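Since every read-out is calculated from the coordinates, none of them should be taken as a lab result. Since the model is a prediction, treat every value here as computed from it, not as a measurement. All Cβ positions, even for glycine, are placed from backbone atoms using ideal geometry, and neighbour counts span all protein chains on display.
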């Protein structure tokens, strides 16, 4: 007897497909960027491939290069909007079994500690962060990838 397991779509796939809400700042044929619901800092954005890849080492080099390129563009927008000393980039992968890169303003090394992530966020503030990042991305020449 052979057991067949079907995988359920990840929460990120549900956000990408519109079944769950998301505050998108980037969208292209391979990846999206949307604000984290538990941000480490204002503007904390997740860069997620449309394909459900669990572990980053399972992604092909081309996809990783594309995700890094998207994270770079969003990181420049984060730097423009928030002017932090550093822009953090992190691949953790324990929260959701779907590859994602965290891009966020970092004031110091404590900014990388997920125990400091916000448990709740104000919807109007998040909308403001989304809009500011979208504007910065448009201003830097990425308008074709900015939703809305």
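For the reader, a short list of remarks on this structure follows.
- Mean-position separation - Cα centroids, the range 88-112 and the range 1-75, in angstrom: 13
- The range 11-145: relative contact order in percent, alpha carbon pairs under 8 Å with at least 6 residues between: 29
- Angle in degrees between helix 61-82 and the longest Cα principal axis of the chain, rounded to the nearest 10: 30
- On the basis of the beta-carbon distance and an R0 of 25 Å, residue 92 and residue 138 show a calculated FRET efficiency of 0.30.
- The structure-derived value of P(r) over Cα pairs in 10 Å bins from 0, in percent appears in the list [x] 12, 46, 37, 5, 0; [y] 11, 43, 39, 7, 0; [z] 11, 43, 35, 8, 2, 1 under the label [z].
- Taking the number of Cβ atoms within 10 Å of each Cβ as an exposure proxy, the fewest-first ranking of 146, 25 is 146, 25.
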